[in-house]
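Asker: Pasting in a structure now, in structure tokens, and then I'll have a few things to ask.
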Amino acid sequence: MPESDGNLAVLVLAAGKGTRMKSARSKVLHEVAGRPMLDYPLGVAEALAPEHLIAVIGRDAEKVEEAFAGRATFVLQAEQRGTAHAVQTAMPLLGDFHGDVLILYGDTPLLRAESIARMVELKEETGSPLAMLTSPEPLPGLIVRNAEGKVERIVEITDATPEELKIQEGNTGVYLVDSEFLAKALSQLDDRNEQGELYLTDIVAVARSAGHSVEALCLEDADEAMGVNDRAQLARASAVQRRRNAERLMAGGVTFIDPDASYVDTGVEIGADTLIEPGVVITGPTTIGADCHIKPHCVIESSRIGDACVIGPSAHVRPGSTLAKGVRLGNYVEVKNSDLGEGVKADHLSYIGDADVGAGSAFGCGSITVNYDWTDKHRTTVGERVRIGCNVNLVAPLTLEDDAFVAAGTTVTKNVATDTLAVSTGRQRNLDGWGARRRTKLGTKDKD
């Protein structure tokens with residue numbers, strides 16, 4: 001058998017129906033820590049820079065292809081007759097490719113590229129036509145090794161003897177195979193089984209019957225082999241990935257008071273010396289600068305946060321927002337699709353939506369931008385060093401120039417010039433004896 005010329009092709013099998021998900025959409029489109037499940041194996045494959053990257057898809061094929069357009073070549077497995085049949089469906093797209101074929105799965109999102117790289121090295125060192133990844137924990141397929149430690153066969157748990165059931169090493173289904181051997185092995189498989197399907201695991205038996213050795217690399221972390229077939233497994237995979245995200249950020253100097261009580265999506269970037277308290281949710285392509293303090297129960301979505309910002313507790317930064325250095329948002333403040341300049345402050349109970357706010361401006365408690373007229377959204381422009389009192393309504397479209405002032409309780413509908421105080425409230429009047437007159441009228445003079 002000719003040796004591999006070093007080229008690599010990757011097949012990602014993602015055609016499963018996902019019936020146990022009980023969902024109206026494809027399993028591989030469900031998110032794990034903020035990203036569709038299929039994004040993870042595609043990312044592993046892309047890190048290997050393969051000559052071919054092919055995704056075998058089935059259910060919701062058009063939506064899956066649209067979601068990952070440009071990242072792989074897609075082939076439809078219209079009739080799903082097992083994992084080996086899925087590989088057969090993809091083989092014509094390899095053309096005259098000669099090299100190694102790596103087989104991954106769209107519902108196994110936690111596998112690391114480093115593990116694949118070690119498997120590639122093992123195969124190169126041994127010259128075996130087939131290498132595989134195994135788990136240090138039992139899986140539906142158990143790995144039976146011979147006296148030399150080589151893989152002898154795979155036995156399904158349902159068919160295992162009492163002695164074989166003691167085996168702790170499980171088959172992940174991830175294989176690295178010489179393309180020539182793979183084509184020959186696939187041609188020898190049959191569907192004479194209870195399900196009438198073609199199983200990829202049978203290529204191990206084909207290799208052994210032909211006298212070839214089968215190499216296996218056992219993963220150090222069993223979580224890498226976790227498959228996602230239902231909502232409970234989806235939640236467990238997301239928890240593992242979020243923990244990995246937190247560990248990566250902590251290695252870069254971020255402090256998490258309780259990593260397991262913080263929910264950080266894959267791809268979020270946070271600067272050194274930033275403190276993340278429990279209950280914080282950070283999603284989407286969010287970046288947070290250095291030396292920030294994100295207090296408990298804040299939600300930050302697809303936004304950019306500058307250095308030295310203080311947010312929360314219980315603040316909400318919605319998508320499309322940018323906070324410059326030193327911005328301070330307090331209790332129950334919501335910011336949406338807005339740019340806040342350096343040092344802007346909104347300490348409590350304010351809403352800033354569709355606004356551009358200059359450096360040093362401040363919002364009093366309960367102040368809001370009124371950005372929606374029941375038909376369209378409008379923007380509010382606030383200059384630098386503007387002082388906005390409590391319970392103010394800024395009715396967009398509106399501009400407050402630098403150094404403008406707005407009195408408490410004012411509804412602003414006209415632009416406010418520099419050094420101008422906007423006031424819309426009338427002069428206060430105190431009506432002496434009003435309460436006594438009211439009680440007399442109601443006949444409840446002595447009522448508390």
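Asker: How would you classify region 244-422 from its alpha-carbon gyration tensor, with a ≥ b ≥ c the square roots of the eigenvalues: rounded for a/c under 1.5, else prolate if a/b is greater than b/c, otherwise oblate?
Answerer: Judged from the Cα gyration tensor, region 244-422 comes out prolate (a/c at least 1.5, a/b above b/c).
Asker: So, R0 is 22 Å and r is the distance between the beta-carbons of residue 425 and residue 372; what FRET efficiency does that work out to, to 0.05?
Answerer: 0.40
Asker: Run through region 395-448 and list the trypsin sites (Lys or Arg not before Pro) located in a DSSP loop whose Cβ has at most 13 other Cβ atoms within 10 Å.
Answerer: Within region 395-448, the qualifying trypsin sites (Lys or Arg not before Pro) (loop, at most 13 other Cβ atoms within 10 Å) are 414, 427, 429, 445, 447.
Asker: Could you work out how far the C-alpha centroid of region 175-242 sits from that of region 322-362, in angstrom?
Answerer: 52 Å
Asker: A follow-up question, please. List the pairs from 27/63; 345/377; 325/345; 377/414 whose alpha-carbon separation is above 20 Å, in the order I gave them.
Answerer: Table pairs above 20 Å Cα-Cα are 345/377.
Asker: Within 10 Å of each candidate Cβ there may be at most 15 other Cβ atoms; applying that plus a DSSP loop requirement, which GluC sites (Glu not before Pro) in region 98-153 survive?
Answerer: 148
Asker: Sticking with this structure for a sec: For a quick check of your reading of the filter: which trypsin sites (Lys or Arg not before Pro) in region 4-105 sit in a DSSP loop and have no more than 10 other Cβ atoms within 10 Å?
Answerer: Those that pass, being in a loop and sparsely packed, are 22.
Asker: Hey, of (1) 141; (2) 155; (3) 231, which did the structure itself give for volume of the Cα convex hull per residue in Å³ when calculated?
Answerer: Label of the calculated value: (3).
Asker: Let me know the shape class of region 239-295, please: from the alpha-carbon gyration tensor, a ≥ b ≥ c as square roots of the eigenvalues, rounded when a/c is under 1.5, otherwise prolate if a/b is greater than b/c, or oblate.
Answerer: rounded
Asker: Only helical DSSP H runs with n ≥ 4 go in: add -39500 (n - 2.57) per run for the chain, normalise by residue count and round the 222 nm mean residue ellipticity to 500 deg cm²/dmol.
Answerer: Roughly -5500 deg cm²/dmol at 222 nm, from the helical runs in the chain.
Asker: To continue, here is another question. Pull up the cross-link candidates among the aspartates and glutamates for residue 17, meaning alpha carbon to alpha carbon under 20 Å and not fewer than 8 places away within one chain.
Answerer: Those aspartates and glutamates meeting the cut-off are 31, 39, 60, 62, 65, 66, 79, 107, 191, 194, 197, 230.
Asker: Next up: What FRET efficiency, computed as 1/(1 + (r/R0)^6) with R0 = 56 Å and r the Cβ-Cβ distance, is obtained for residue 290 and residue 220, rounded to the nearest 0.05?
Answerer: 0.95
Only the coordinates and a few stated rules stand behind these numbers; no lab work does. Source: prediction; values computed, not measured. Counting neighbours? That spans all protein chains shown, and the Cβs are built from the backbone with ideal geometry, glycine included.
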